[in-house]
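Student: My questions will all concern the structure given below.
The values are calculated or read from the model by the stated rules, or taken from the named source; none is laboratory data. Here the structure is a predicted model, which means the values were calculated and not measured. Cβ placement follows ideal geometry from the backbone for every residue including glycine, while neighbour counts extend to all protein chains displayed.
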There are 2 protein chains.
Amino acid sequence: MTMNLQFAKRMERVQPSAIRELLRLGADPDIISFGGGYPDASLFPTEQLNAVYTEAISRNGRLSLQYSFSNGLPRLREQIAQRMGRDGVTCSPEEVLILQGSQQGLDLTAKLLIDQGDVIITENPTFLGALIAFNPCEPNYVTVRVDADGMDMDDLESKLHTAKRVKFLYTVPDFQNPTGVTMSADRRRRLIDLANRFDFIVLEDSPYREIRYQGSSLPTLKSLDTEGRVVFLGSFSKVLAPGMRLGWAVASEDLIQKLGLLKLAADTQCSTLNMTAASLFLDHYDIEAHIRSIRQAYLRKKELMFDTIRQTFPQDVRFTDPSGGLFTWLTFPEGFDSAKFMMEQSLPKAKVAYVPGATFFPHTHETNHARVNYSSQPDDKIVQGISALGQLLKDYLKA
Amino acid sequence: MTMNLQFAKRMERVQPSAIRELLRLGADPDIISFGGGYPDASLFPTEQLNAVYTEAISRNGRLSLQYSFSNGLPRLREQIAQRMGRDGVTCSPEEVLILQGSQQGLDLTAKLLIDQGDVIITENPTFLGALIAFNPCEPNYVTVRVDADGMDMDDLESKLHTAKRVKFLYTVPDFQNPTGVTMSADRRRRLIDLANRFDFIVLEDSPYREIRYQGSSLPTLKSLDTEGRVVFLGSFSKVLAPGMRLGWAVASEDLIQKLGLLKLAADTQCSTLNMTAASLFLDHYDIEAHIRSIRQAYLRKKELMFDTIRQTFPQDVRFTDPSGGLFTWLTFPEGFDSAKFMMEQSLPKAKVAYVPGATFFPHTHETNHARVNYSSQPDDKIVQGISALGQLLKDYLKA
């Protein structure tokens with residue numbers, strides 16, 4: 001008998017992803033990729049990390065190389081609870097779950113809450129990685145307009161009046177992925193009111209929150225949460241190193257317990273060694289000083305990129321001006337196809353990559369946008385890549 | 001409005017797990033736990049691991065601490081393909097997927113294949129961690145009898161004639177978890193024939209395969225696979241260190257592609273640093289020599305435990321005698337409740353823990369068994385714990 005392999009129905013929703021392609025492009029040294037959400041590797045605190053890994057292995061390898069706790073090392077959960085406290089979120093270590101990057105929090109939250117056909121509300125556009133994490137649970141998406149102040153609460157409220165089976169709302173309130181915009185304080189309060197009134201969970205994904213280089217921090221949704229409805233996701237990927245694969249969730253103890261069981265089932269636990277190293281880093285070094293130096297570097301890079309954009313891009317290409325994070329969002333004239341342009345122009349002619357915007361829209365797949373990262377390339381590549389892109393765009397849009 | 005939180009239906013199948021409890025007991029230094037599947041931490045190659053982590057971070061931290069590839073580091077996939085080749089499985093690096101421990105392979109395979117109500121065939125008893133990974137996909141289980149030669153193929157064949165919607169069969173052919181038995185060569189061939197004839201996938205979970213200390217290796221199911229039906233799962237947890245959280249799947253390129261997309265969605269990738277360190281370890285050191293030393297140590301520990309069992313246990317407690325792996329399986333007289341005995345006798349009176357057998361049976365929850373690990377405790381604790389258990393059992397069974 002020949003094989004007649006039937007995949008689960010959810011696999012119809014699991015398609016080859018632009019992210020995988022970006023990870024590939026990001027690893028190709030010939031290509032100037034503004035695609036991934038890569039932090040600047042030259043800012044990794046390699047010396048200190050080397051010291052804490054050495055300490056973790058040589059002083060206590062029998063513990064740090066062994067199995068440990070599915071919800072995460074108690075000491076690291078405590079340290080994260082303390083740091084969250086300094087950011088206005090009062091929580092106990094029992095309300096913290098260590099994750100294999102905050103990406104895992106997206107997967108586990110959807111698993112926890114979504115039956116086929118349940119509704120997830122997202123910004124429009126929204127983070128592609130969230131859609132690919134949610135898709136295997138076969139949700140329906142209801143999307144909400146985004147402007148310079150983040151998710152439009154009037155649009156949200158009108159949609160809540162008609163949407164059925166809304167299980168959770170997914171938002172990146174700080175320096176949103178992909179647009180770079182930040183939700184205003186008023187809208188944050190209104191979102192919590194709406195969540196309480198219409199009875200849904202809010203999944204607050206905030207991996208860039210600490211990378212703010214202009215203005216002051218706005219309260220997290222979690223700090224405004226009055227009914228234990230917010231699941232906050234944080235990450236060490238942008239402030240320490242993504243290669244450690246460490247993120248965390250903060251939520252009510254009941255939710256953390258259930259997410260922890262799903263975590264145990266999915267992969268037993270995070271790397272004990274990586275958790276130990278992160279914990280020792282927080283004990284021995286001043287991570288806040290390290291984050292300040294990242295902020296300065298990214299602000300400088302952003303300004304370099306934006307100066308280059310202003311000098312070389314055609315006038316009719318618009319871009320957002322974020323106060324933090326890693327991305328700007330380009331909007332080209334109507335009818336422009338950013339995917340086609342990348343494949344036919346920028347990649348072959350200038351070896352420049354970005355993320356075409358269409359995949360960030362759950363339904364409408366608008367083609368005239370692109371997400372551009374300014375944190376990962378060195379200065380000379382930023383100038384070289386953006387200038388080349390500007391020249392190609394000028395030629396192309398004129399033609 | 002007060003919160004009216006509705007979890008996904010699958011959560012009815014996700015219950016607090018004995019494994020989490022075991023991870024806790026394993027971390028309590030006052031308790032002699034024969035529960036977890038912990039390797040002996042004194043055998044971790046800490047000096048060499050220290051060296052490769054230092055090399056990974058200090059020589060090339062910009063790469064090893066950065067994002068990399070969702071399917072795993074190319075060099076590590078190549079090294080695993082080579083090692084699999086030496087074990088009789090011809091495969092390319094594209095047929096290898098790096099996992100967050102082989103546990104993740106259980107989660108992803110169920111996600112890939114199982115719609116609610118589809119059938120997974122398992123040994124009876126089977127690995128509890130597999131059940132908790134599969135349960136969120138809401139399968140039905142069909143269970144097959146196990147004897148000293150592993151899964152009973154007559155029982156399997158008769159069940160295949162009546163079972164509908166069989167998607168895959170899950171087996172631990174080498175030193176099975178929990179019983180320690182090994183599937184005979186004849187049965188392996190017959191299993192592949194049945195898989196071809198009845199058209200199902202075989203999930204071969206073999207984390208203990210390399211820890212064989214008596215007799216010779218039998219061919220993996222993957223090496224007998226003629227139609228690309230076998231997904232093989234391997235692990236570095238028992239031969240290197242579980243705290244690195246690294247395992248792998250070997251399957252047809254089509255299956256690996258799809259599992260890789262689910263991996264990307266679930267957690268982006270494994271730790272680049274841990275993958276780099278494992279790869280450097282394989283390049284610089286002789287892992288086969290290291291594994292030989294583990295085998296010797298575990299054989300010695302097993303014999304120490306078995307001598308103590310023979311000297312101190314009542315005659316009517318039976319135990320399996322595995323040729324490898326980490327576990328023996330105790331069978332107590334009918335009517336004995338091993339969970340009750342642990343909670344009321346062995347834990348309070350001797351601080352000794354094991355895994356009560358009931359949770360390993362998908363349907364029948366037989367109470368008169370226990371899984372006992374002999375790899376993780378030091379010699380004196382093995383003698384002390386097993387002797388105390390023997391004495392308590394004698395008193396209890398006599399009464």
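Student: Restricting region B:229-282 to residues that are facing chain A (nearest Cβ under 7 Å) and among the hydroxyl-bearing types (Ser, Thr, Tyr), which is nearest to the chain's Cα centre (by Cα)?
Tutor: B:271
Student: When you check residue B:129 against the structure, is it within 23 Å of the chain's Cα centre (by Cα), assigned by TED's automatic domain parsing to the domain that holds residue B:224 and either at negative phi or in a helix (DSSP H, G or I) (or both), yes or no?
Tutor: In short, yes.
Student: Do the conditions hold for residue B:194, that is, is it in contact (Cβ under 8 Å) with a residue 40 or more places away in the chain, more than 17 Å from residue B:82 (Cα to Cα), among the aliphatic types (A, V, I, L, M) and within 14 Å of chain A (Cβ to nearest Cβ)?
Tutor: Details: in contact (Cβ under 8 Å) with a residue 40 or more places away in the chain: yes; more than 17 Å from residue B:82 (Cα to Cα): yes; among the aliphatic types (A, V, I, L, M): yes; within 14 Å of chain A (Cβ to nearest Cβ): yes.
So residue B:194 fits the description; yes.
Student: Here is a check on your reading of the model: is residue A:36 away from every other protein chain (no Cβ under 11 Å) and not in a helix (DSSP H, G or I)?
Tutor: Answer is no for this residue.
Student: Here are some residues: A:187, A:197. Which one is farther than 26 Å from residue B:7 by Cα, assigned to a helix (DSSP H, G or I) and out of contact with any Ser or Thr (no Cβ under 8 Å at 6 or more places or on another chain)?
Tutor: Working: A:197 fails: farther than 26 Å from residue B:7 by Cα.
So the residue among A:187, A:197 that is farther than 26 Å from residue B:7 by Cα, assigned to a helix (DSSP H, G or I) and out of contact with any Ser or Thr (no Cβ under 8 Å at 6 or more places or on another chain) is A:187.
Student: Restricting to region B:71-94, name every residue that is charged (D, E, K, R), in a helix (DSSP H, G or I) and either at pLDDT below 95 or surrounded by fewer than 24 Cβ atoms within 10 Å (Cβ to Cβ) (or both).
Tutor: Of the residues in region B:71-94, the ones charged (D, E, K, R) are B:75, B:77-78, B:83, B:86-87, B:94.
Those still in the list that are in a helix (DSSP H, G or I) too: B:75, B:77-78, B:83, B:86, B:94.
B:75, B:78, B:83, B:86, B:94 - these are the residues of region B:71-94 that are charged (D, E, K, R), in a helix (DSSP H, G or I) and either at pLDDT below 95 or surrounded by fewer than 24 Cβ atoms within 10 Å (Cβ to Cβ) (or both).
Student: Another question about this same structure. Within region A:284-301, is there a residue that is more than 14 Å from every other protein chain (Cβ to nearest Cβ), surrounded by 18 or more Cβ atoms within 10 Å (Cβ to Cβ), within 28 Å of residue A:126 (Cα to Cα) and in contact with a Phe, Trp or Tyr (Cβ under 7 Å, 6 or more places away or on another chain)?
Tutor: yes
Student: Say whether the condition of being at the interface with chain A (Cβ under 9 Å from one of its Cβ atoms) and over 29 Å from residue B:319 (Cβ atoms) is met by at least one residue in region B:136-157. If you could, list the steps in order and put the result at the bottom.
Tutor: Restricting attention to region B:136-157, the residues satisfying the condition of being at the interface with chain A (Cβ under 9 Å from one of its Cβ atoms) are B:136-137.
This time we only want the ones that are over 29 Å from residue B:319 (Cβ atoms), so: B:136-137.
Looking through region B:136-157, at least one residue is at the interface with chain A (Cβ under 9 Å from one of its Cβ atoms) and over 29 Å from residue B:319 (Cβ atoms).
Student: In this structure, is residue A:304 within 14 Å of chain B (Cβ to nearest Cβ) and touching a residue at least 40 places away in the same chain (Cβ under 8 Å)?
Tutor: Against the criterion (within 14 Å of chain B (Cβ to nearest Cβ) and touching a residue at least 40 places away in the same chain (Cβ under 8 Å)), residue A:304 does not qualify.
Student: Quick check, is residue B:200 within 14 Å of another protein chain (Cβ to nearest Cβ), of a type outside the set (D, E, K, R) and touching a helix residue (DSSP H, G or I) at 6+ places or on another chain (Cβ under 7 Å)? Show your work before the answer.
Tutor: Values: within 14 Å of another protein chain (Cβ to nearest Cβ): yes; of a type outside the set (D, E, K, R): yes; touching a helix residue (DSSP H, G or I) at 6+ places or on another chain (Cβ under 7 Å): no.
It is false that residue B:200 is within 14 Å of another protein chain (Cβ to nearest Cβ), of a type outside the set (D, E, K, R) and touching a helix residue (DSSP H, G or I) at 6+ places or on another chain (Cβ under 7 Å).
Student: Can you pull out every residue in region B:349-399 that is more than 30 Å from residue B:135 (Cα to Cα) and of a type in the set (S, T, N, Q)? Give the steps one after another, and end with the answer.
Tutor: Step one: filter region B:349-399 for residues more than 30 Å from residue B:135 (Cα to Cα), giving B:349-351, B:377-399.
Within region B:349-399, B:377, B:384, B:387, B:391 qualify.
Student: Which of the following residues is among the polar types (S, T, N, Q), in contact with a Gly (Cβ under 9 Å, 6 or more places away or on another chain) and not assigned by TED's automatic domain parsing to the domain that holds residue B:77: B:345, B:377, B:315? Give the steps one after another, and end with the answer.
Tutor: Details: B:345 fails: in contact with a Gly (Cβ under 9 Å, 6 or more places away or on another chain); B:315 fails: in contact with a Gly (Cβ under 9 Å, 6 or more places away or on another chain).
Being among the polar types (S, T, N, Q), in contact with a Gly (Cβ under 9 Å, 6 or more places away or on another chain) and not assigned by TED's automatic domain parsing to the domain that holds residue B:77 holds for just one of B:345, B:377, B:315, which is B:377.
Student: Can I ask one more? How about region A:316-399: which helices (runs of 4 or more DSSP H) wholly inside it have at least 1 residues that are within 24 Å of the chain's Cα centre (by Cα) and surrounded by 15 or more Cβ atoms within 10 Å (Cβ to Cβ)? First the steps, then the outcome.
Tutor: On the way: elements: A:338-341, A:347-350, A:379-398.
It comes to A:338-341, A:379-398.
Student: Hey, could you check region B:120-130 for residues that are within 14 Å of another protein chain (Cβ to nearest Cβ) and either under 13 Å from residue B:168 (Cβ atoms) or touching a Phe, Trp or Tyr at 6+ places or on another chain (Cβ under 8 Å) (or both) and say which is modelled with the lowest pLDDT?
Tutor: Residues of region B:120-130 within 14 Å of another protein chain (Cβ to nearest Cβ): B:120, B:127-130.
In the following step, the residues that additionally are either under 13 Å from residue B:168 (Cβ atoms) or touching a Phe, Trp or Tyr at 6+ places or on another chain (Cβ under 8 Å) (or both) were identified as B:120, B:127-128, B:130.
Numbers: B:120: 98, B:127: 97, B:128: 93, B:130: 97.
That would be B:128.
Student: Related question: Can you pull out every residue in region A:229-264 that is more than 20 Å from residue A:203 (Cβ to Cβ) and surrounded by 24 or more Cβ atoms within 10 Å (Cβ to Cβ)? If you could, list the steps in order and put the result at the bottom.
Tutor: Residues of region A:229-264 more than 20 Å from residue A:203 (Cβ to Cβ): A:239-244, A:264.
Those that are more than 20 Å from residue A:203 (Cβ to Cβ) and surrounded by 24 or more Cβ atoms within 10 Å (Cβ to Cβ): A:240, A:241, A:242, A:243, A:244.
To keep it simple, each residue is scored yes or no on (1) under 21 Å from residue B:132 (Cβ atoms); (2) in contact (Cβ under 8 Å) with a residue 60 or more places away in the chain.
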position: A:84; (1), (2): no, yes
position: A:92; (1), (2): no, yes
position: A:95; (1), (2): no, yes
position: A:99; (1), (2): yes, yes
position: A:106; (1), (2): yes, yes
position: A:120; (1), (2): no, no
position: A:139; (1), (2): no, no
position: A:142; (1), (2): no, no
position: A:146; (1), (2): no, no
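Student: Looking at A:281, A:306, can you tell me which residue is within 24 Å of residue B:44 (Cβ to Cβ) and part of a helix (DSSP H, G or I)? Before you say what the answer is, go through the steps one by one.
Tutor: Details: A:306 fails: within 24 Å of residue B:44 (Cβ to Cβ).
So the residue among A:281, A:306 that is within 24 Å of residue B:44 (Cβ to Cβ) and part of a helix (DSSP H, G or I) is A:281.
Student: Report, by residue number, each residue of region B:260-293 that is under 24 Å from residue B:86 (Cα atoms) and in contact with a strand residue (DSSP E or B) (Cβ under 8 Å, 6 or more places away or on another chain).
Tutor: Here is the first cut: in region B:260-293, the ones under 24 Å from residue B:86 (Cα atoms) are B:274-293.
Within region B:260-293, just B:275 meets the criteria.
Student: I'm trying to understand the selection: among the residues of region B:106-119, which are at the interface with another protein chain (Cβ under 7 Å from one of its Cβ atoms), in a helix (DSSP H, G or I) and touching a strand residue (DSSP E or B) at 6+ places or on another chain (Cβ under 7 Å)? Reasoning before the result, please.
Tutor: Residues of region B:106-119 at the interface with another protein chain (Cβ under 7 Å from one of its Cβ atoms): B:107, B:111-115.
Now narrow it down to the ones that are in a helix (DSSP H, G or I): B:107, B:111-113.
Result: B:113, single match.
Student: So is residue B:271 buried (at least 24 other Cβ atoms within 10 Å of the Cβ) and in contact with a Lys or Arg (Cβ under 8 Å, 6 or more places away or on another chain) or not?
Tutor: On the way: buried (at least 24 other Cβ atoms within 10 Å of the Cβ): yes; in contact with a Lys or Arg (Cβ under 8 Å, 6 or more places away or on another chain): yes.
It is true that residue B:271 is buried (at least 24 other Cβ atoms within 10 Å of the Cβ) and in contact with a Lys or Arg (Cβ under 8 Å, 6 or more places away or on another chain).
Student: Select from region A:53-70 the residues that are surrounded by fewer than 22 Cβ atoms within 10 Å (Cβ to Cβ) and either without any contact (Cβ under 8 Å) to a residue 60 or more places away in the chain or more than 20 Å from residue B:242 (Cβ to Cβ) (or both) and write down the one among them that is nearest to the other protein chains (Cβ to nearest Cβ).
Tutor: Here the residue is A:62.
Student: Tell me, yes or no, whether region A:17-30 has at least one residue that is part of a loop (DSSP other than H, G, I, E, B), within 7 Å of another protein chain (Cβ to nearest Cβ) and not aromatic (Phe, Trp, Tyr). Explain how you work it out, then say what you get.
Tutor: In the first step, residues of region A:17-30 are kept if they are part of a loop (DSSP other than H, G, I, E, B); the result is A:17, A:28-30.
In the following step, the residues that additionally are within 7 Å of another protein chain (Cβ to nearest Cβ) were identified as A:17.
So of that shortlist, the ones also not aromatic (Phe, Trp, Tyr) come out as A:17.
There is at least one residue in region A:17-30 that is part of a loop (DSSP other than H, G, I, E, B), within 7 Å of another protein chain (Cβ to nearest Cβ) and not aromatic (Phe, Trp, Tyr).
Student: Residues being surrounded by fewer than 24 Cβ atoms within 10 Å (Cβ to Cβ) and not hydrophobic (A, V, I, L, M, F, W, C): count how many of those fall in region A:189-210.
Tutor: Qualifying residue count for the region: 8.
Student: Collect the residues in region B:133-143 that are of a type outside the set (Ser, Thr, Tyr) and more than 18 Å from the chain's Cα centre (by Cα), keeping them in residue-number order. Give the derivation first.
Tutor: Step one: of region B:133-143, the residues of a type outside the set (Ser, Thr, Tyr) are B:133-140, B:142.
B:136, B:137, B:138, B:139, B:140, B:142 - these are the residues of region B:133-143 that are of a type outside the set (Ser, Thr, Tyr) and more than 18 Å from the chain's Cα centre (by Cα).
Student: Kindly check whether there is at least one residue in region A:217-230 that is assigned to a loop (DSSP other than H, G, I, E, B), out of contact with any His (no Cβ under 6 Å at 6 or more places or on another chain), modelled with pLDDT under 95 and of a type in the set (Ser, Thr, Tyr).
Tutor: Residues of region A:217-230 that are assigned to a loop (DSSP other than H, G, I, E, B), as a first pass: A:217-220, A:225-229.
Those still in the list that are out of contact with any His (no Cβ under 6 Å at 6 or more places or on another chain) too: A:217-220, A:225-229.
Subsequent filtering for residues that are modelled with pLDDT under 95 retains A:226.
Then keep just the ones that are of a type in the set (Ser, Thr, Tyr); that gives A:226.
Scanning region A:217-230 turns up at least one residue that is assigned to a loop (DSSP other than H, G, I, E, B), out of contact with any His (no Cβ under 6 Å at 6 or more places or on another chain), modelled with pLDDT under 95 and of a type in the set (Ser, Thr, Tyr).
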